[in-house]
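Novice: Just dropping this structure here.
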Amino acid sequence: MKIAIGADHGGYPLKQDLIPFLSAEGHEIIDLGAHSFDPSDDYPDFAGAVARAVAAGGTERGILVCGSGVGASVAANKFPGVRASVCHDTFSAHQGVEDDDMNVLCLGARIIGTELAREITGRFISARFSGLERHQRRVGKVKGFERDFAK
Ligand code: RB5
């Protein structure tokens, strides 16, 4: 799977761990920065880059890492077509895809450790949207909000 990944200074070390982990699983990882540790960088810059890649299509999923995951999630959800959420447990990581068609996973590197982050990421990547009628209906209503604001 083609996956875009990004992180600010709060998530940089965890991003650097996740890239080889995901690559070893056979995924194509697009690293949209930060490309070095800069304690004064800003999470919207990386959230925007990953969200744009996912919204444009061609990149199936995104992963964002900041200190809490919250800022990245808030920023990414401003982009039409992006359904981002913080998940710090494995159930949310796969059910968010299966039921809600979540396409961007946000992690807080100051909250969870490397091993749990790897497990959560793995469950997120291997999950697929169920396509069940009730979930299509609900996601369709969410997409309707985007259409309303685009007018
Ligand atoms: C940066 O210090 C921190 O605020 C950021 O990584 C993130 O936690 C925001 O939600």
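Throughout, read-outs are computed from the coordinates displayed, never taken from laboratory work. Because the structure is a prediction, the values reported are computed rather than measured. No Cβ is skipped: glycine too gets one built from the backbone with ideal geometry, and neighbour counts run over all protein chains shown.
Novice: Can you bin segment 1-77 into rounded, prolate or oblate? Criterion: square roots of the alpha carbon gyration tensor eigenvalues sorted a ≥ b ≥ c, rounded for a/c under 1.5, prolate for a/b above b/c, oblate for the rest.
Specialist: oblate
Novice: Cα axis of helix 133-150 to longest principal axis of the chain: angle in degrees, 0 to 90, nearest 10?
Specialist: That helix lies at roughly 80 degrees to the long axis.
Novice: Then there's this: Give me 143, 15 ranked fewest to most by other Cβ atoms within 10 Å of their Cβ, as a rough exposure proxy.
Specialist: 143, 15
Novice: Against the longest principal axis of the chain, how steep is helix 12-24, in degrees 0 to 90 to the nearest 10, with axes from Cα atoms?
Specialist: Helix 12-24 sits roughly 70 degrees off the main axis of the chain.
Novice: Sticking with this one: Please compute the modelled spin-label separation between residue 2 and residue 150, points set 7 Å along Cα→Cβ, answer in nm with one decimal.
Specialist: 2.0 nm
Novice: As a test of the formula, what do you get for the chain when each DSSP H run with n ≥ 4 contributes -39,500 (n - 2.57) and the sum is divided by the residue count, at 222 nm and rounded to the nearest 500 deg cm²/dmol?
Specialist: Numbers: 6 runs with 75 residues, N = 151.
Value at 222 nm, helices only, nearest 500: -15500 deg cm²/dmol.
Novice: Rounded to the nearest 20 Debye, what is the dipole magnitude of segment 61-151 about its Cα centre when Lys and Arg each give +1 and Asp and Glu each give -1 at the C-beta?
Specialist: With Lys and Arg at +1 and Asp and Glu at -1, about 340 debye.
Novice: Follow-up question, since we're still on this one. Cα-based count: Lys pairs in the chain below 29 Å, eight or more positions apart or different chains?
Specialist: Value for the chain: 10.
Novice: Where the centre of each part is set by its Cα atoms, how far does segment 57-83 sit from segment 4-27, in angstrom?
Specialist: 14 Å
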